[in-house]
1. Which residues, taken from region 129-156, are open to solvent by less than 20 Å² (accessible area, probe 1.4 Å) and among the aliphatic types (A, V, I, L, M)?
2. Of all residues being within 16 Å of ligand 1 (Cβ to nearest atom) and farther than 24 Å from Leu120 by Cβ in region 258-278, which is least open to solvent (accessible area, probe 1.4 Å)? Just the residue, please.
3. Examine region 181-194 for a residue that is surrounded by 23 or more Cβ atoms within 10 Å (Cβ to Cβ), within 16 Å of ligand 1 (Cβ to nearest atom), over 21 Å from the mean Cα position of the chain (by Cα) and of a type in the set (A, V, I, L, M), and state whether such a residue exists.
4. Just wondering, is there one or more residues in region 424-442 that are touching a residue at least 40 places away in the same chain (Cβ under 8 Å), within 16 Å of ligand 2 (Cβ to nearest atom), closer than 30 Å to Ile332 by Cα and in contact with a strand residue (DSSP E or B) (Cβ under 9 Å, 6 or more places away or on another chain)?
5. Among the listed residues Thr442, Thr428, identify the single one that is in contact with a Leu (Cβ under 9 Å, 6 or more places away or on another chain) and away from ligand 1 (no atom under 16 Å from the Cβ).
6. Could you check, for region 279-292, whether at least one of its residues is crowded, with 23+ Cβ neighbours inside 10 Å and under 21 Å from Leu31 (Cα atoms)?
7. Inside region 285-372, counting only helices (runs of 4 or more DSSP H) that do not spill past its ends, which hold 2 or more residues that are free of Cβ contacts under 8 Å to residues at least 60 places away in the same chain and within 15 Å of ligand 2 (Cβ to nearest atom)?
8. Is there a residue being small (Gly, Ala, Ser), over 20 Å from Cys111 (Cα atoms) and in contact (Cβ under 8 Å) with a residue 12 or more places away in the chain anywhere in region 196-213?
Amino acid sequence: MPLGHGDRPARIESGDDYIESLRGRNLKVFLLGERVAEPVDHPMIRPSINAVAETYDLAMREPEVATVVSSLTGKRVNRFLHVAQSAEDLVAQNMMQRKLGQNTGTCFQRCVGMDAFNSLHSVTYEIDEKHATPYHQRLEAFLSTMQERNYVVGGAMTDVKGDRSKAPNEQDDPDLFVHVTKRNEDGIWLKGAKAHQTGCINSHWIIAMPTIRLGPADADYAVVAAFPVDAPGITYIYGRQSCDTRSMEGGSIDVGNANFSGQEAMVVLDEVFVPWSHVFMDGEHEFAAMLVERFTCYHRRSYVCKTGVGDVLIGAAAQAAEYNGVDKASHIKDKLVQMPHLNETMYAAGIASSHQARPTKSGCYLNDDMLANVCKHHVTKMPFEMGRLAQDLAGGLVSTAPSEKELRHPELGALLDKYLKGRADTPTEARIRVLRLIENMTMGRNAVGYLTESLHGAGSPQAQRIQIGRQMALDFKKGLARRLAGIDSADDE
Ligand SMILES: Cc1cc2nc3c(=O)[nH]c(=O)nc-3n(C[C@H](O)[C@H](O)[C@H](O)COP(=O)(O)OP(=O)(O)OC[C@H]3O[C@@H](n4cnc5c(N)ncnc54)[C@H](O)[C@@H]3O)c2cc1C
Ligand code: SF4
């Protein structure tokens with residue numbers, strides 16, 4: 001079923017419908033030096049599509065987890081397309097994210113769009129309030145359509161950025177940040193490139209947003225616009241992942257997680273036209289920082305997704321220890337307690353941030369920024385320690401095991417079955433499979449999602465330290481100390 005520029009199919013329900021909806025779009029996608037004829041059928045791309053498909057199937061299997069009644073249409077919609085009307089809505093997002101992390105063991109790619117809609121809901125409202133612009137109404141109309149059709153919407157914030165010490169207008173090349181090159185009565189044209197775009201090829205639409213605080217000289221960079229993934233003028237350059245070509249070798253052991261993976265690509269925009277109906281900011285540079293801060297506020301607590309993935313890693317580590325016959329050893333038990341301690345520490349900060357949400361002027365709820373930043377800052381470190389512990393429990397075979405071809409080899413198979421055995425009652429293949437899963441999550445393709453994305457996604461660690469520093473209220477806390485120490489009197493307070 002060919003998709004015309006973002007307006008078909010009329011409605012997607014199941015994961016299978018979703019996969020079909022991606023076919024025949026004639027996207028300009030490049031991977032390993034070649035243009036990909038049909039991404040849906042490419043063995044390196046398909047696991048990332050399966051991960052998004054699970055967001056649809058979960059909504060069908062467990063509607064109370066992954067669907068919600070829309071405040072715009074009054075109909076039940078996928079939770080990824082809902083604007084939070086309460087703290088409970090935000091908590092429910094986190095619970096869904098944890099479950100999807102457990103089900104896929106990877107990045108399921110749909111949260112960037114969800115967090116973009118939520119942040120834009122309040123920011124467009126506040127731009128309109130100041131400038132009498134029509135952005136909020138346009139956004140709600142666009143979101144209603146996305147909800148009715150149940151589409152995947154990617155969020156494109158990160159520009160390629162060139163020299164990081166310079167503002168967009170100061171760069172030698174003006175295209176290093178996405179900007180408007182032309183406007184007429186019909187709409188605007190965009191040029192530039194967005195980097196590391198999660199699930200972009202697996203989306204139906206993309207919303208481009210500015211990535212940093214902007215000044216008056218950067219007004220053409222202050223643009224928020226939605227366009228279909230198959231709009232003319234877009235080139236996708238696929239990011240390769242560690243061990244990704246294993247999925248082209250056949251077999252199901254060496255890939256570690258045969259069904260699911262994440263996806264990132266560079267999105268190059270060459271004079272992409274966007275009609276005014278899909279423009280939600282154009283030139284209001286003073287709102288760029290507000291948008292970035294609200295988006296990252298939502299997105300940094302969305303990283304509780306990694307605790308669902310962490311649940312899988314904890315299970316894999318415990319299983320590997322059992323297969324090795326060491327699960328009763330005290331240091332193993334202790335490490336298996338340490339892993340959930342780390343995992344739940346991340347979850348606690350994220351879910352607390354959602355619980356402490358407050359309404360914005362538009363009526364959309366925004367979670368607590370300090371706790372969101374604490375959550376994401378934990379996420380930049382704790383999965384790495386969990387990966388270390390999992391590899392410790394796995395033993396060296398996690399990185400030295402022979403390939404599936406040797407395991408299936410007529411001469412070597414029996415030899416490996418004998419010499420790679422752990423506990424007598426455990427099939428050797430089961431032992432190798434769980435080790436490959438640990439390899440996949442800590443060094444292989446899903447380490448992109450579990451480790452590097454944890455480090456840089458939604459902002460590198462320093463970005464969270466800046467936000468924590470801004471909100472730590474040191475003067476207030478110094479006052480508390482001075483009062484108890486008898487330096488200030490209660491009246492000074
Ligand atoms: C797997 C993955 C998925 C992602 N998905 C998305 C997505 O879907 N949508 C999206 O918009 N973005 C996405 N991102 C992008 C993510 O937000 C960025 O990686 C992050 O903001 C860091 O930007 P960068 O990668 O360009 O690193 P850089 O900006 O190059 O940072 C590298 C280092 O330099 C430091 N640094 C950067 N600038 C300065 C400065 N001016 N002064 C001092 N130090 C500086 C940083 O703190 C960091 O330590 C994703 C990233 C990853 C890795
Ligand atoms: S990294 Fe997590 S929050 Fe971000 S899109 Fe992937 S699953 Fe969602």
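The values are calculated or read from the model by the stated rules, or taken from the named source; none is laboratory data. These numbers were taken from a predicted model, which means no experiment stands behind them. In this analysis, Cβ positions are derived from the backbone assuming ideal geometry, glycine residues included, and neighbour counts consider all displayed protein chains. Only protein heavy atoms, including side chains, enter the accessible area calculation; ligands, DNA and RNA are left aside. Shrake-Rupley method; radii C 1.70, N 1.55, O 1.52, S 1.80 Å.
1. Those that are open to solvent by less than 20 Å² (accessible area, probe 1.4 Å) and among the aliphatic types (A, V, I, L, M): Leu139, Leu143, Met146, Val152, Val153, Ala156.
2. Here the answer is Ser261.
3. yes
4. No - not one qualifying residue is present in region 424-442.
5. Thr428
6. No: zero hits.
7. 330-355
8. Within region 196-213, not a single residue is small (Gly, Ala, Ser), over 20 Å from Cys111 (Cα atoms) and in contact (Cβ under 8 Å) with a residue 12 or more places away in the chain.
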